[in-house]
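*Asks:* First the structure, then my questions, so here it is.
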Amino acid sequence: MAQPNLATARMPKHRFRRTLATVAWSALAAACGTQQDTAKVQAPPVVASAPQPTTPTTPAAPEVSSGYRTGMATVYAGRHMAAAANPLATEAGRQILRRGGSAIDAAIAMQAVLTLVEPQATGIGGGAFIMYWDGKRVHAYDGRETAPADATENLFVRPDGQPMDFSEGQIGGRSVGTPGVLRALELAHGKHGRLPWATLFDPAIRLAEKGFPISQRLYTQVAADKFLSGSPQMAAYFLDAQGKAKPVGTIVRNPELAQTLKQIAAGGANAFYVGSIARDLVAQVNSSANPGALSLSDLRSYRAKERSPLCTDYQRWRVCGMPPPSSGGIAIAQILGTLEALAKRDPRYALASMRPLPVTTPALFEAQPDAVHAIAEADRLAYADRGMYVADSDFVQVDVAGLTNSRYLADRAAMINEKSMGKAQPGVPEGTKVAFAPDPSPLRTSTSQIVAVDDRGGAISMTTTIESYFGSHLMVHGFLLNNQLTDFSFLPTENGKAIANRVAPGKRPRSSMAPTLVFDRETGQFLAALGSPGGSQIIEYVSKTLVALLDWNIDVQTAIGMANFGSRNGPTELERGLVTPVLADELKARGHQVSQVEMTSGVQAIMRQESVDGRKVWAGGADPRREGIALGD
């Protein structure tokens with residue numbers, strides 16, 4: 001396959017080229033009630049991940065790999081665009097945008113469809129963070145789950161004082177937090193919605209009633225899940241009579257979810273948080289084999305929050321992300337700020353001068369060793385601070401300003417030299433007085449990503465999750481419940497010191513989710529919306545994509561598809577099957593412990609670009625490691 005020219009890749013050769021991804025499109029057309037853009041569709045080839053040894057010193061990816069799609073190209077549009085982790089969800093978002101809906105309207109429709117078609121990753125039984133641009137200012141909406149009022153800091157501690165294994169805490173009601181996504185969507189819709197709430201669930205209701213085809217990715221996740229058969233509701237829904245995963249292409253209907261969505265459409269989020277759905281949800285959590293402590297009062301009292309967005313400068317851009325309880329916004333700001341300070345101190349590490357090199361792997365381009373070295377070292381420093389300081393700021397003091405201060409980041413950048421530092425230690429921002437212990441929490445989260453831009457200049461980046469894949473493995477009223485409480489530290493203290501991210505009643509667990517908006521600092525013009533699923537690796541995925549888009553000026557699809565890399569303050573991780581031996585060898589020579597692992601990102605991104613005739617257009621892309629697409633008009 002011909003390799004794109006990085007020098008010209010950002011300029012569309014055709015005004016509005018649409019490249020659609022793999023899907024059973026005849027089923028999509030029937031289910032969505034549209035025949036448009038389907039006649040000439042061909043699915044991009046999928047390249048399976050090469051089985052190579054890994055170093056098992058970092059947590060496994062939260063979802064197993066289902067391959068890498070080749071032949072994808074950046075999608076262009078002039079009016080509006082949507083991108084989600086499944087083509088059916090993206091099409092639902094585009095339908096809403098075509099009707100004059102806002103970006104939040106499109107996101108609500110996409111979230112409802114994802115609850116149906118991507119149940120392993122997201123749904124109305126989970127939570128979300130939303131970054132929103134209304135054309136004038138940035139908004140940050142927190143729909144993160146909360147711990148029940150009866151939760152204790154020893155929720156995941158065994159009687160002998162040792163932390164539970166991850167699956168021991170995950171499976172069943174013990175791990176279920178109060179879901180928050182619907183309250184967050186309702187809060188944002190009340191301020192930015194243009195279409196009636198009730199109409200936004202129509203695409204998902206139709207799909208749930210008529211059925212959708214099981215995709216290769218969903219099949220892969222079901223077949224790999226060793227706990228699914230233990231849930232009667234999940235087994236009846238996902239498995240055939242022989243107890244095997246239903247084959248790819250099987251049409252699956254979910255009338256229970258259709259009825260649930262009808263109630264939510266008619267009654268608003270209250271239909272979920274009060275009444276029969278709430279009663280059955282609480283009963284399911286508290287009567288499971290590993291019972292939880294969720295109550296009707298927890299559901300009734302849940303509130304989504306609008307928080308102050310975390311916006312920092314990076315060269316000529318303004319980058320805005322989520323504040324705590326997400327660690328994503330802080331970590332991205334720290335990584336970019338550290339890289340900028342490093343380049344000022346040592347121009348050899350100016351990323352703009354280290355453009356990626358063409359390779360023969362399916363990723364097409366590979367970051368240069370010096371660039372990977374610099375970014376991985378900046379990652380280490382950020383992850384070290386993340387584990388020490390970041391938690392729900394309603395419960396613990398998080399010095400966001402100190403952690404992202406340019407002087408502090410310059411001091412941290414001074415620690416980066418030609419050899420890897422191995423494991424970084426947390427820094428001490430000026431004025432920091434609170435002493436915590438580093439958090440040894442398991443680092444797994446299964447998530448999904450939505451981005452959209454509308455006709456009036458609105459934009460959204462929303463990361464949405466039920467935590468590990470298939471959540472708590474509890475299914476009620478057609479949707480899965482989260483296991484979000486396992487994002488807390490399993491131990492409340494370490495070496496006699498409290499851990500910032502310990503469990504507490506009403507507290508929101510720390511997240512790595514990093515929905516991000518980018519602006520031109522000089523003009524203030526909105527430039528890009530992006531984000532990714534991927535658990536604790538989200539920070540690596542988003543920072544890599546930002547550097548590719550901003551420093552390397554690469555087109556959206558190529559930037560997303562490049563091989564992932566980074567460090568979670570352990571080994572330097574390279575994406576298995578997509579990197580060359582040369583990169584690994586060069587990093588080892590710089591003192592890196594290299595681990596080639598699955599890095600199943602799911603980046604969706606939309607960026608404002610200039611076309612060949614000088615007009616502004618939207619350029620969108622979706623991650624070839626999953627099944628999402630971008631669509632626009």
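Just so it is clear, none of the values below were taken in a lab; they were calculated from the coordinates. Small disclaimer: the values here were computed from a predicted structure and weren't measured. Counting neighbours? That spans all protein chains shown, and the Cβs are built from the backbone with ideal geometry, glycine included.
*Asks:* For the chain, what does -39500 (n - 2.57) per DSSP helix run (n ≥ 4), summed and divided by total residues, give at 222 nm, in deg cm²/dmol to the nearest 500? All intermediate terms of the calculation are to be shown ahead of the outcome.
*Replies:* Numbers: 19 runs with 190 residues, N = 633.
It lands at -9000 deg cm²/dmol.
*Asks:* Which whole-Hz ³J(HN,Hα) couplings does the stretch 561-566 yield from phi under the Karplus relation 6.51 cos²θ - 1.76 cosθ + 1.60, θ = phi - 60°, glycine and proline marked x?
*Replies:* Per-residue couplings from phi come out as x, 3, 4, 6, 6, x Hz.
*Asks:* Would you work out if the stretch 317-412 is rounded, prolate or oblate? Take a ≥ b ≥ c from the square roots of the eigenvalues of the alpha-carbon gyration tensor; rounded if a/c is under 1.5, else prolate when a/b is larger than b/c, oblate otherwise. Don't jump to the answer; show the numbers that get you there.
*Replies:* Values: a/c = 2.64, a/b = 1.78, b/c = 1.48.
Prolate, because a/c is 1.5 or more and a/b exceeds b/c.
*Asks:* What order do you get for 252-262, 498-508 when each peptide is scored by the mean count of other beta carbon atoms within 10 Å, highest first? Don't skip to the end; give the middle numbers.
*Replies:* On the way: 252-262: 19.4, 498-508: 22.2.
Ranked by mean Cβ neighbours within 10 Å, highest first: 498-508, 252-262.
*Asks:* Give the order of Ser543, Ser489, Ser276 when sorted by the count of other beta carbons within 10 angstrom, beginning with the fewest.
*Replies:* Working: Ser543 24, Ser489 27, Ser276 11.
The most exposed by this proxy come first: Ser276, Ser543, Ser489.
*Asks:* At what distance in angstrom do the alpha carbon centres of the stretch 229-306 and the stretch 90-126 lie from each other?
*Replies:* Between the Cα centre of the stretch 229-306 and that of the stretch 90-126, the gap is 18 Å.
*Asks:* For the cross-link pairs Lys136/Lys305; Lys305/Lys507; Lys344/Lys544; Lys226/Lys588; Lys423/Lys497, which exceed 24 Å when the distance is taken from alpha carbon to alpha carbon?
*Replies:* Working: Lys136/Lys305 20 Å; Lys305/Lys507 13 Å; Lys344/Lys544 20 Å; Lys226/Lys588 36 Å; Lys423/Lys497 21 Å.
Correct reply: Lys226/Lys588.
*Asks:* Continuing with this model, one more query. Answer rounded, prolate or oblate for the stretch 501-633, using the Cα gyration tensor with square roots of eigenvalues a ≥ b ≥ c: rounded when a/c is under 1.5, else prolate when a/b is larger than b/c, else oblate.
*Replies:* Numbers: a/c = 1.97, a/b = 1.26, b/c = 1.56.
Cα axes put the stretch 501-633 in the oblate bin.
*Asks:* Hey, another quick one. Expressed as a whole number of Å, what is the distance separating the alpha-carbon centroids of the stretch 591-608 and the stretch 316-382?
*Replies:* 12
*Asks:* With a/c under 1.5 counting as rounded, go ahead and sort the stretch 239-286 into rounded, prolate or oblate using the C-alpha gyration tensor (a ≥ b ≥ c being the square roots of the eigenvalues; past the cut-off, prolate if a/b is larger than b/c, else oblate). Mind showing how you got there, number by number?
*Replies:* On the way: a/c = 4.61, a/b = 1.82, b/c = 2.53.
The shape class here is oblate.
*Asks:* Going Cα to Cα from Lys419, which aspartates and glutamates come in below 12 Å? Please leave out same-chain ones fewer than 8 positions away.
*Replies:* Asp370, Glu377, Glu586
*Asks:* Anything in the chain that counts as a DSSP H helix reaching 20 Å or more along its axis (C-alpha) with Kyte-Doolittle mean of at least -0.5? List them, would you? Can you show the working numbers first?
*Replies:* Details: long enough: 103-117 (21 Å, 1.88); 328-345 (25 Å, 0.82); 369-389 (30 Å, -0.27).
Passing helices, by number: 103-117, 328-345, 369-389.
*Asks:* Can you list the lysines whose alpha carbon is less than 25 Å from that of Lys210, not counting same-chain residues fewer than 8 positions off?
*Replies:* Partners found: Lys40, Lys244, Lys246, Lys262.
*Asks:* Hey, can you grab everything whose amide H is under 5 Å from the amide H of Gln604? Only 5+ residues off in sequence or another chain; H modelled, so Pro and N-termini drop out.
*Replies:* Under 5 Å from the amide H of Gln604 lie the amide H atoms of Gly531, each far enough along the sequence or on another chain.
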